[in-house]
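Notes follow once the structure below has been shown.
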């Protein structure tokens, strides 16, 4: 009997040991799996000739989507309503909200909107559908309360970059690269509403004390961003200015002169704090508006164009022209839409064949019927609430910008654009 008890005890001890070993092995396997998910230092992108590579020597072509309407509002994208006759831009929205509710409450509404327009749900969809990148348009008012340099601070009293921290961390986990796109600089680099302030002149270029201060603050912001993310492999590149000199009456020669000047200032400022990341510079609407990189001494550069052409021939012509003008620089189409006789199939097949990286404009939109014409992958359902900026109560605006109305999974529908036009080219 005593021998039987000893045997049973030995068997139980062995079983417990095996069980422990199994649990340890499972935990080790889980840890190893967790270690290899997400980006590592080997995924850091760099430029070699006309192509981009990671640190493993693998060529990377970025195929992504813009997160338009998230950190900077545009009228056809966003759930906003202003009185007739009032020029729509994000600055006007903020001024009205601050006048009505005070700066603190206006900021609360802004944060509420930002928390709901793009969430983890959206990044999961983008990853699942085969994209490898998002371009994140932002503007200076995400970080300054005004154009005088009043910083938005977090609960610790530090300059608040939490919204960029969030998207970069979430994208890194999903192995999605992030392009940080300055859509609206201090003083504005264009006259277009999508810079955040419409028809006030491209004051960033002013040869005045005011222009000099706007340039100083834009440099301050870019240096803070580049310093913060200098070691992040998820950040593909810094997009210094979106569509500079857009809607400003000028020739391509004048636009190029402005670009050489302002891009030179910003390039030097970023390179003071970050020599590792790619910098992208934009030309609209042709490659003539950008200088030869070797003449400027710029390195680790991607040149970018935005094309909204009305025929396949013109679209292809400008793609080839840009290569001819800049044969030794990787190229990207940061925004595009095939108007009139231009076709999606031609756009995608030609960009892929010519080794252009590309970004869809844009992920989601609420109104004007634009999303149904293949502008976006998700459009608002019928009965969507717009925030009545000038006359709605705080609670009504909060509801319009809150999760029930603004989150993709709650109040948007798939437009079919991805299945019909995009899927085959990823």
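Each stretch of four or more DSSP H residues adds -39500 (n - 2.57); spread over every residue of the chain, this sum gives -12500 deg cm²/dmol at 222 nm. Against the chain, whose longest principal axis is taken from its Cα atoms, helix 312-325 shows a tilt of about 90°. The reciprocal of the average 1/r between distinct C-alpha atoms defines the Kirkwood hydrodynamic radius, which for the stretch 71-115 equals 11.0 Å.
How far, in nm, would the chain grow between residue 286 and residue 320 when pulled straight, counting 0.36 nm per residue and subtracting the alpha carbon separation? Numbers along the way, then the final one.
Values: separation 34, 0.36 × 34 = 12.24 nm, distance 1.08 nm.
Full-extension gain reported as 11.2 nm.
Global dimensions of the stretch 116-248 from alpha-carbon coordinates: Rg and Dmax equal 15.6, 49 Å. Of the beta bridges in the chain, as assigned by DSSP with both residues counted there, near 20 percent are antiparallel.
Our Cα-only numbers for the stretch 196-338 put the radius of gyration and Dmax at 15.5, 45 Å.
Using mean Cβ contacts within 10 Å as the protection proxy, how do 270-279, 357-366, 326-335, 398-407 order, highest first?
Details: 270-279: 17.6, 357-366: 24.7, 326-335: 21.5, 398-407: 19.2.
Ranked from most to least packed, the peptides come out as 357-366, 326-335, 398-407, 270-279.
Mean-square fluctuations from a GNM of the chain, with a 10 angstrom spring cutoff on Cα atoms, peak among 379, 416, 85 at 85. Rounded to the nearest 10 degrees, the angle from helix 162-174 to the longest Cα principal axis of the chain is 50 degrees. Axis of helix 209-228 versus longest Cα principal axis of the chain: the two differ by about 10°, to the nearest ten degrees.
Please work out the C-alpha center-to-center distance from the stretch 404-423 to the stretch 77-123 and express it in whole Å. Going from one Cα centre to the other spans 22 Å. Taking max minus min of the alpha-carbon positions on each principal axis, the chain gives extents of 101, 55, 45 Å, largest first.
Here the relative contact order of the chain, from alpha carbon pairs under 8 Å that lie six or more residues apart, stands at 19 percent.
Over all projection directions, the Cα-based convex hull of the stretch 270-426 averages an area of 12.7 nm².
Taken together, the values in this text are just the output of simple stated rules run on the coordinates, not laboratory data. Being a predicted model, the structure only gives us computed values, none of them experimental. Counting neighbours? That spans all protein chains shown, and the Cβs are built from the backbone with ideal geometry, glycine included.
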